[in-house]
Amino acid sequence: MEKLFLLGLLTGGLVACNLPETAESTGIMETSAVSAVDQQGEIAGVYQGVLPCADCGGIESTLTLRADNSFTWRRTYLKNEPLSTPDQIGAWELRENTLELFPTDNTPTTAHERLCFAAEKPDTLIALDIQCAPITDSAVGILEKQDAKPVR
């Protein structure tokens, strides 16, 4: 009887060793995935600010991030006479603390443009360079959230 009991324990132990680990079984939560999902709902909204511009006084920007992961970006170049550009549209994705915009319009200026923002602080987006890395010169663009509710 003891041999059958030991055989049962060994068999049960071997089966348990081959079960895949889950977050519940290990007690470890995948916080990056959870926080990204939570953050995606919170980041939706309207952001405004002036971004740096090499040949003008700045780019007055309104970026609308919708809860369905679409965006609209309205820009006005601040020159002697302000120059508005067509609204840019597309999809957005938040990975960890980086917001990346994927334009879907095919205008020549945006067809290959990579648009990234750091979303490390609540209600603030900081412009990143085309490699989605921090901008190292003094001209850093910041967009501030204007509303508290997600935009549909």
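Bear in mind these aren't lab numbers, they're just calculated from the coordinates by the rules spelled out. The structure presented is a predicted model; accordingly, all values stated were derived computationally and were not measured. Backbone-built Cβ (ideal geometry, glycine too); neighbour counts: all protein chains shown.
Coupling constants for region 53-64 follow from the phi torsions by the Karplus curve (6.51 cos²θ - 1.76 cosθ + 1.60, θ = phi - 60°), and in residue order they are 9, 5, 10, 8, x, x, 10, 5, 10, 10, 10, 9 Hz; glycine and proline get x. In a fully extended conformation the segment linking Ala67 and Lys121 would gain 17.6 nm over its present Cα-Cα distance, using 0.36 nm per residue. When +1 charges are put on Lys and Arg Cβ atoms and -1 charges on Asp and Glu Cβ atoms, the dipole computed for region 44-145 relative to its Cα centre reaches about 120 debye. Residue order for Tyr47, Tyr77, fewest other beta carbons within 10 angstrom first, comes to Tyr77, Tyr47. Structural descriptor for region 44-145: relative contact order 23 percent, calculated from alpha carbon pairs under 8 angstrom and at least 6 residues apart. Packing order of peptides 50-62, 88-100, highest average first: 88-100, 50-62 (average count of other Cβ atoms within 10 Å over each peptide's residues).
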